[in-house]
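One structure below.
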Amino acid sequence: MNFEKIAYEKDIYICPDPQGHRPVWIGFVLVEGKFYIEAETGKRSSWGQAAFASRTGQLTLQGRVYQVNFTPITDDKLLDRIQAAYYEKYGPDARLMEAHAREACFEVAFVGEIG
């Protein structure tokens, strides 16, 4: 996956459990060449809970579906850099979700394209 080509894309959908959840729109950022997502409502988010439980799912980007793995982020310094990237990309809206999003932040690893 060439992340530089999608860096400014704002329209992606995540689905941690394709059998039990519909895809949900979500923002993402790139930090130090890695792909990160946050659940706006933190651990209360149903997709965030599913991502914590399954650690795998699907992501739709530019009309393509990818199998992905989720790794929860707990390092405060990295969370600060991720949050700064959200502010830069999404502006004031990112500040509204910061309080809860930090508790459900994931690195996304692309396994392969499935559709």
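The values are calculated or read from the model by the stated rules, or taken from the named source; none is laboratory data. Worth saying up front: this structure is predicted, and the values here are computed from it rather than measured. As a convention, Cβ positions derive from the backbone with ideal geometry for all residues, glycine included, and neighbour counts pool all protein chains shown.
If you take the residues in segment 1-24 that are hydrophobic (A, V, I, L, M, F, W, C) and under 23 Å from L78 (Cα atoms), which one is nearest to the chain's Cα centre (by Cα)?
Checked segment 1-24; the qualifying residue nearest to the chain's Cα centre (by Cα) is I14.
Residue by residue through segment 37-91, note down the ones that are in a helix (DSSP H, G or I) and of a type in the set (S, T, Y).
Within segment 37-91, S46, S54, Y86, Y87, Y90 qualify.
When you check T71 against the structure, is it of a type in the set (V, I, T) and modelled with pLDDT under 90, yes or no?
No.
From G57, G33, G27, grab the single residue that is closer than 21 Å to E9 by Cα, surrounded by fewer than 16 Cβ atoms within 10 Å (Cβ to Cβ) and small (G, A, S).
G33
Restricting to segment 8-42, name every residue that is β-branched (V, I, T) and more than 16 Å from Q62 (Cα to Cα).
V31, I37, T41
Can you name the residue in segment 43-54 that is surrounded by 18 or more Cβ atoms within 10 Å (Cβ to Cβ) and not aromatic (F, W, Y) and, of all such residues, is farthest from Q83 (Cα to Cα)?
Step by step, filter segment 43-54, then rank; the result is A50.
Return the residue satisfying two criteria in turn: it lies in segment 97-115 and is surrounded by 12 or more Cβ atoms within 10 Å (Cβ to Cβ) and of a type in the set (D, E, K, R), and of such residues it is modelled with the lowest pLDDT.
Looking at the filtered set, the residue picked out is E98.
Which condition does A94 not pass, out of (1) under 11 Å from the mean Cα position of the chain (by Cα); (2) at pLDDT below 80, if it passes all the others?
(1)
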